[in-house]
Each structure stands twice: as C-alpha cells, then as structure tokens.
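Participant: Take a look at the following structure, please.
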Amino acid sequence: MKIGIISFAHMHAITYANYVQEHPNAELSYIWDEDEKRGKEMATMFHCVYISDIHSFLKTDIEAVIICSENAKHKEHVVYAAEANKHILCEKPLATEISDAEEMIQACEQAGVILQVAYPVRFAPAVVKAKEIIDQGDIGEVIAISGTNHGQMPDGWFIEKALSGGGAATDHIVHIMDVIRWILKDEVKNVYAEFDTRFYDIDVEDCGIVTLELKSGVIVSIDPSWSRPKTFPTWGDVTIRFMGTKGNLYVDAFKQHATYFNDHDGKIQHLPLAEDMDEKLINDFISCVQEQREPSITGLDGLRTLEVVKAAYESNRKKQVVRLETTCS
C-alpha cells in the first residue's frame, strides 16, 4: 500500500513517516510540502519522491495520505485528497472552524473515502486499560473527571492564530476530550472556560481551565496549558482522574518511562517504555484502508471535539457558560 504525506509542518509528521516505513504492508512513496526546501529534505531522509505540485502529487498511485499541514490548511488539503479519491489520516484538530470540519466530512462521505483523525492517545496502553476497567464497572458510575494535557510551548506557526486557530486550548483540549467521549460514550452539554497568556509573550493563550458538564451529568475539568518549561524532561503530560461511585481511577499515559541523565546534551530526558501510541495510530489507519472499514477515530469525532474548543473560546469571551448544540450526527 502506497502512502503520501502532505506537509511536514507538524512535528508529528516525522514520527508518522517512520512508522509507515516500518510497516510491512505500507510504503511511503511521495511527499508534498508547501515549503520546497523542507519537502526535499524529508524526501531525502525517507528515500522517497518530493512533488512540488499538490495536484500532481494526488494523481500518483498512492492509496492514502497523511495530512500534517498547519491547522488552518487542513480543510483545503482534505478536500483535495477526497476529490482525488485518497483515504485520509488528518492531524488534529480536524479544522479551525466548525463549518470547515463539516465540509471536510461531507467531501469524504461523497467521495467514499476514509477520514480518520490523529488522536493517538486512544491507543496508549494505560488509556486502553482504563476503558476496560470502566466498562467492567469496577469504579461504578463515573461522576466526575479531572484531566490535564500540559505541554511545552511549541512556537512557530502554533502561536500564529491565523494558521493554528488558537493557542494551548486549540492544541490540547481535544486529546482529553476525545478520550472522555470514547470511554463514556457521552457528549458535552455545557462549557465554561477561562484562558490567559501568562507564561510567554505571544498572541494566543498559553494557559487556562475548562469546566464541562456532560449530557449524563458528569462534571469534567481540563487544564490544557503550555506550562511545561523548556528544561522539562519531556514535552508534557496526559493525565486523567476518573471519580466513580465505587472508587477512583488515575491514568497517566506517559508514566512508563526511563529517566536518562544525558551529560552529552546537558539535559535530563524521560524515555518512554510503553508501546508507542503513534505507531498504533498509523497501524490502525493502514488496516482501516486495507480492510475498508470504519476508522477507529472518525471525522465526526474530530468535529465533536472541535465544537468543545470553539464553545470554550466563546465562553472565555463572554465570561459565561455556553450551552453546546451539536451540529450534525
């Protein structure tokens, strides 16, 4: 199965490319990137072909594409790929506007192609185990959840609102929200959020807190802040505490690691020991295409998490609770 990558703007693209190459039934054949220098460098690194025109790229014999462009460009690239009948794995967030996400989903449905969203946290072994425990009823009925997705400030286009759609809230709410929706099979009813810019001199928010009420009545808090210093031994964290009527369950997606005191580079590093969630994401996407089955993480999943993000921004602007009305099913 031949795969192409659309843009290496997002840092995850290199990881995805590596795992495509390692897959026994897949081949990274072509790369397109708006940045010609970067595209050619990546093509050299991965021993494949760089094509400067995206439409020529999409006319090749690839079956699927992985889209890692800037958030605001996802819509254009997804629609182009759907029109070319290519299956799609799109980096999160699906889009920067709800209407764009809806158009992307519609384009893929009309073309009959798979649209999967890159939420790899679902594949983290600790998260998979947590879902199993909750599904079995071991902690009873879940009544409250507290989640964090702290990270280092990524810089570059991530802090340019026109390209990213926002700051830490855009970047990090979606991972925790996707896991909650997946495990509880529940949707958000009310959103209250407060954001600010306190750590860095940038034009987007770098910290905040989001409080949610799910339709079932479960109360959720999420801290998506870019609050990890540059000297932190890893990029950030994903933690979730589920409070149930029979007990609590604490999940740390990156707890399994070795601490490396790296004198050569002058830093301390956390090296993960658990199975890599990005590898599982890529393997799942490839099997979806080969088996022609519904993706594990659909375009609708991407839309639902984006709706929460947009409601959070509205709540922050208005300084009041926003009732979330879902747009389609």
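The values are calculated or read from the model by the stated rules, or taken from the named source; none is laboratory data. Model, not experiment: these values are computed from the prediction. Glycine also receives a Cβ, built like all others from the backbone with ideal geometry; neighbour counts cover every protein chain displayed. Surface accessibility is based on the protein's heavy atoms, side chains included, excluding ligands, DNA and RNA. Shrake-Rupley method; radii C 1.70, N 1.55, O 1.52, S 1.80 Å.
Participant: Which residue, Gly137, Val174, His47, has the largest displacement toward the positive end of the dipole of the chain when charges sit on each Cβ (Lys, Arg +1; Asp, Glu -1)?
Facilitator: So the residue we want is Gly137.
Participant: On the Cα set of the stretch 126-231, report Rg and Dmax in Å, please.
Facilitator: Both quantities, over Cα of the stretch 126-231: 15.3, 47 Å.
Participant: Looking at the stretch 203-329 from every direction and averaging, what is the projected area of its Cα convex hull in nm²? Walk me through the numbers before you get to the answer.
Facilitator: Numbers: hull surface 49.4 nm².
Seen from a random direction, the Cα hull of the stretch 203-329 projects 12.3 nm² on average.
Participant: Counting only protein heavy atoms and using a 1.4 Å probe, what share of the accessible area of the chain belongs to carbon plus sulfur, as a whole percent?
Facilitator: Carbon and sulfur atoms account for 48 percent of the accessible area of the chain.
Participant: Given a 10 angstrom Cα cut-off, can you work out which residue in Thr305, Thr44, Thr170 is the most mobile in a GNM of the chain?
Facilitator: Thr44
Participant: Taking the Cβ-Cβ separation of Arg198 and Lys40 as r and a Förster radius of 41 Å, what is the calculated FRET efficiency to the nearest 0.05?
Facilitator: Numbers: r = 39 Å, r/R0 = 0.96.
Once the sixth-power term is evaluated, E becomes 0.55.
Participant: On full extension of the chain, what length is gained from Glu275 through Glu103, given 0.36 nm per residue of separation minus the C-alpha to C-alpha distance?
Facilitator: Here the segment from Glu275 to Glu103 would lengthen by 58.5 nm.
Participant: As a test of the formula, what do you get for the chain when each DSSP H run with n ≥ 4 contributes -39,500 (n - 2.57) and the sum is divided by the residue count, at 222 nm and rounded to the nearest 500 deg cm²/dmol? Mind dumping the intermediate values first?
Facilitator: Working: 10 runs with 117 residues, N = 329.
Computed mean residue ellipticity for the chain: -11000 deg cm²/dmol.
Participant: Accessible area of Glu41, 1.4 Å probe, to the nearest 10 Å²?
Facilitator: 90
Participant: With only Lys, Arg, Asp and Glu charged, each at its Cβ (+1 for the first two, -1 for the last two), find how big the charge dipole of the stretch 218-292 is about the Cα centre; round to the nearest 20 debye.
Facilitator: 440
Participant: Can you give the direction-averaged projected area of the convex hull of the alpha-carbon atoms in the chain, in nm²?
Facilitator: So the Cα hull casts an average projection of 17.0 nm².
Participant: Same structure again: Size of the dipole of the chain about the Cα centre, Lys and Arg at +1 and Asp and Glu at -1 on the beta carbon, nothing else charged, in debye to 20?
Facilitator: The dipole of the chain has a size of about 700 debye.
Participant: Between Rg and the Kirkwood Rh of the stretch 140-293, both from Cα atoms, what is the Rg to Rh ratio?
Facilitator: Working: Rg = 17.5 Å, Rh = 17.4 Å.
Using only Cα positions, Rg/Rh for the stretch 140-293 is 1.00.
Participant: Hey, another quick one. Given R₀ = 56 Å, FRET efficiency for Ser221-His55 by Cβ-Cβ distance, to 0.05?
Facilitator: It comes to 0.80.
Participant: Semi-axes of the equivalent ellipsoid of the stretch 247-292: what are they in whole Å, largest first, if each equals the square root of 5 times a C-alpha gyration tensor eigenvalue? Don't jump to the answer; show the numbers that get you there.
Facilitator: Numbers: eigenvalues 189, 74, 7 Å².
So the three semi-axes of the stretch 247-292 are 31, 19, 6 Å.
Participant: Helix by helix through the chain, keep the DSSP H runs that span 18 Å or more along the axis on Cα and average at least 0.0 on Kyte-Doolittle, and give those back in order.
Facilitator: Working: long enough: 98-111 (20 Å, -0.21); 168-184 (24 Å, 0.95); 277-291 (21 Å, -0.10); 299-318 (28 Å, -0.55).
Helix filter hits for the chain: 168-184.
Participant: Related question: Leaving ligands, DNA and RNA out of it, work out the accessible area of Asp203 with a 1.4 Å probe and give it in Å² to the nearest 10.
Facilitator: It works out to around 150 Å².
Participant: Positive end of the charge dipole of the chain (Lys, Arg +1 and Asp, Glu -1 on Cβ, about the Cα centre): tell me which of Ile297, Tyr192, Val113 has its Cα farthest that way.
Facilitator: Positive-end residue among those listed: Tyr192.
Participant: On the first, second and third principal axes, largest extent first, how far apart are the outermost C-alpha atoms of the stretch 1-50 in Å?
Facilitator: 29, 19, 15
Participant: Quick one: putting +1 on the C-beta of Lys and Arg, -1 on the C-beta of Asp and Glu, what dipole do you get for the stretch 1-121 around its Cα centre, in Debye to the nearest 20? If you can, show how the numbers build up before the last one.
Facilitator: Numbers: 9 positive and 19 negative charges, 58 e Å.
Rounded to the nearest 20 debye, it is 280 debye.
Participant: Too long at a 20 Å Cα-Cα cut-off: which of Lys189/Lys318; Lys75/Lys161; Lys230/Lys267; Lys2/Lys73?
Facilitator: Lys2/Lys73
Participant: Also: Choose one answer from Asn71, Asn248, Asn85: the residue with the largest mean-square fluctuation in a GNM of the chain with alpha-carbon springs under 10 Å.
Facilitator: Asn248
Participant: What is the chain's relative contact order, in percent, from Cα pairs under 8 angstrom and six or more apart in sequence?
Facilitator: Working: 693 pairs, mean separation 61.3, N = 329.
Value for the chain: 19 percent.
Participant: Taking every alpha carbon pair in the stretch 32-109, what does the distance histogram look like in 10 angstrom bins from 0, in percent?
Facilitator: 19, 50, 27, 4
Participant: Which order do you get for Lys267, Lys230, Lys131 if you rank them by accessible area with a 1.4 Å probe, largest at the top?
Facilitator: From most accessible down to least: Lys230, Lys267, Lys131.
Participant: Using 1/(1 + (r/R0)^6) with R0 = 41 angstrom and r between the beta carbons of Ile143 and Arg293, what's the FRET efficiency to the nearest 0.05?
Facilitator: My answer for the efficiency is 0.75.
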